[in-house]
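Working notes for the structure below.
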Amino acid sequence: MRLSSQQQTVIKQTLAKHFGESSEIRLFGSRLDDNARGGDIDVYIEPELTAVDEIIDAKLNALVELHQQLGEQKIDLVINRKSGLVLPIYQVAKQQGVLL
């Protein structure tokens with residue numbers, strides 16, 4: 001995994017703070033490959049929050065805080081509200097992702 005333990009902690013704590021402590025948070029994508037270079041930070045979230053407005057606010061506020069703490073880098077938050085729609089990205093993130 002190409003994130004330090006400090007970066008992992010910052011991501012987990014920040015997202016739990018904004019999306020709820022019981023939210024499922026997984027890192028997936030190229031940052032899991034120790035041999036890859038570059039790449040954005042891809043994070044899958046099953047939020048505790050259910051209201052769309054709250055989730056949008058949480059996403060914006062979390063991204064601001066993550067950029068302040070981790071620096072300006074590309075961070076993608078994939079949010080699965082479990083609203084019945086199952087996107088292929090959700091399946092990939094759950095199968096290949098690592099819990100933070």
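The values are calculated or read from the model by the stated rules, or taken from the named source; none is laboratory data. Owing to the predicted nature of the structure, the values given are computational and were not obtained by experimental measurement. Note that we place each Cβ from the backbone using ideal geometry, even for glycine, and neighbour counts take in every protein chain shown.
Points to keep in mind about this one:
- For the range 45-70, the set of residues classified as over 14 Å from the mean Cα position of the chain (by Cα), surrounded by 12 or more Cβ atoms within 10 Å (Cβ to Cβ) and without any contact (Cβ under 8 Å) to a residue 40 or more places away in the chain consists of LEU49, GLU54, ASP57, listed by residue number.
- Residue match in the range 41-63 (condition: among the charged types (D, E, K, R), in contact with a strand residue (DSSP E or B) (Cβ under 8 Å, 6 or more places away or on another chain) and under 15 Å from MET1 (Cβ atoms)): yes
- Just one residue in the set GLN7, GLN73 is crowded, with 17+ Cβ neighbours inside 10 Å and out of contact with any strand residue (DSSP E or B) (no Cβ under 6 Å at 6 or more places or on another chain); that residue is GLN7.
- Filter pass, ILE75 being aliphatic (A, V, I, L, M) and in contact with a helix residue (DSSP H, G or I) (Cβ under 6 Å, 6 or more places away or on another chain): yes
- In this structure, ARG26 qualifies as under 15 Å from the mean Cα position of the chain (by Cα) and farther than 17 Å from GLN68 by Cβ.
- Condition check for VAL10: over 22 Å from TYR90 (Cα atoms) and modelled with pLDDT of 95 or more: yes
- Meets criteria (surrounded by 12 or more Cβ atoms within 10 Å (Cβ to Cβ) and either small (Gly, Ala, Ser) or outside any loop (DSSP other than H, G, I, E, B) (or both)) for ALA16: yes
- Residue count, the range 23-38 (criterion: in contact (Cβ under 8 Å) with a residue 12 or more places away in the chain, more than 17 Å from LYS59 (Cβ to Cβ) and among the small types (Gly, Ala, Ser)): 3
- Looking across the range 19-38, the residues that are surrounded by 15 or more Cβ atoms within 10 Å (Cβ to Cβ) and over 14 Å from VAL78 (Cα atoms) come down to GLY20, ARG31, LEU32.
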